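Encoded as structure tokens, the structure appears first; notes follow it.
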Amino acid sequence: MNTTDVLVRCEAAARTYGTGTAAVVAVHGVTCEIRAGDRIAITGPSGSGKSTLLHLLAGLEAPTTGQVTWPGLAGKPRPDSVGIVFQGPSLIPALDVVENTALPLVLCGQSERSARRRALDCLALVAAAHLADRLPEELSGGQAQRVAVARVLAAAPRLILADEPTGQLDRATGRRVVAVLLAAADTLGAGLVVTTHDPRVARSLSRQWSMHDGRLQPGLAEAFSPSAPATAQDAEP
Ligand code: ADP
Ligand code: MG
């Protein structure tokens, strides 16, 4: 693997929702590159454009102006090259947990039997193997979030994007999920981008970026900088 591979590149990429006086600029011209081996945390207040930027990086949204390209992924994101853990509910209600987790593999042509085996292995990594037979409606928010992480790991993507994957988890489980994402990214030689409100999670990745009003800048969001007053989240347990 060439660790200087640029998996995705944004060049002055912007995304506006709506038009006229109702227009919201969710992301202003962002220029950035994510390479294999990168471990990037993005912090920033709610509404600052973190999810929109992740959707641009995943190719789920097209930029209104500017460009997003995937030079290291044969020019185009695919379900088995880019994996995203969505911020909101994303499991398919009619499928049980193991079927949800195996789905990307089955869609990519793997036999159901081997897809199921890999799905169970990935569920075990996030301590969710015991949930295999449950339907999404029978899961807590945190359990569903762990299953969504397992589903991304199962597809073994080169670029892993996780949108507040610890948002609904207690601190210990959150740490475990981040450790699993970091280990999976190492094993796969992937790039990893995690958005988070938790400064501890942000610091567990090797680089920190932040978003403010749709603009991306290097470093942790101001609220987490050393000069900011300590918050309950920052305090030692
Ligand atoms: P964050 O993830 O940092 O909370 P988002 O990317 O979700 O921020 O949102 C950035 C801004 O874009 C917000 O003002 C939000 O209301 C707006 N926005 C996001 N998605 C849409 C959409 N589909 N339609 C209209 N506005 C949207
Ligand atoms: Mg968001």
Spin-label proximity, Asp121 to region 85-102 - amide N less than 15 Å from point 7 Å beyond Cα toward beta carbon: 102
At 10 °C and 1.306 mPa s, what whole-number value in µm²/s does Stokes-Einstein give for the translational diffusion of the chain, with Rh from the Kirkwood sum over Cα pairs? 87
Excluding Pro157 itself, what net charge comes from residues whose Cβ is under 12 Å from its Cβ, given Lys and Arg +1 and Asp and Glu -1? +2
Dipole of the chain [Lys/Arg +1, Asp/Glu -1 at C-beta], most positive-end residue of Pro63, Cys108, Ala150: Cys108
Whole-Hz couplings from phi, Karplus 6.51/-1.76/1.60, listed for region 170-176; x for Gly and Pro: 5, 4, 5, 5, x, 4, 5
Relative contact order of region 117-157: what whole-number percent is it, with Cα pairs under 8 angstrom and at least 6 residues apart? 53
Report the net charge of residues surrounding Asp170, where surrounding means a beta-carbon distance below 12 angstrom and charges are Lys +1, Arg +1, Asp -1, Glu -1. +3
Just to check, using Stokes-Einstein with a Kirkwood Rh over alpha carbon pairs, what's the diffusion coefficient of region 100-208 at 37 °C and 0.692 mPa s in µm²/s? 232
Return the whole-Å distance between the Cα centroid of region 147-184 and the Cα centroid of region 185-221. 13
With r defined as the distance between the Cβ atoms of Asp5 and Arg171 and R0 fixed at 41 Å, what FRET efficiency is calculated, to the nearest 0.05? 0.75
If I take every Cα pair under 8 Å that is 6 or more residues apart in region 98-177, average their sequence separation and divide by the length, what percent do I get for the relative contact order? 32
Rounded to the nearest 500 deg cm²/dmol, what is the calculated helix-only ellipticity per residue at 222 nm for the chain, with -39500 (n - 2.57) per DSSP H run of length n ≥ 4? -9500 deg cm²/dmol
Which residues' amide hydrogens lie under 5 Å from the amide hydrogen of Ala162, considering only partners 5 or more residues apart or on another chain, with H built in the peptide plane? Val85, Val193, Val194, Thr195
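A short reminder: the numbers here are calculations on the coordinates, not readings from a lab. Everything numeric here is computed off the predicted structure, so don't read it as measured data. Counting neighbours? That spans all protein chains shown, and the Cβs are built from the backbone with ideal geometry, glycine included.
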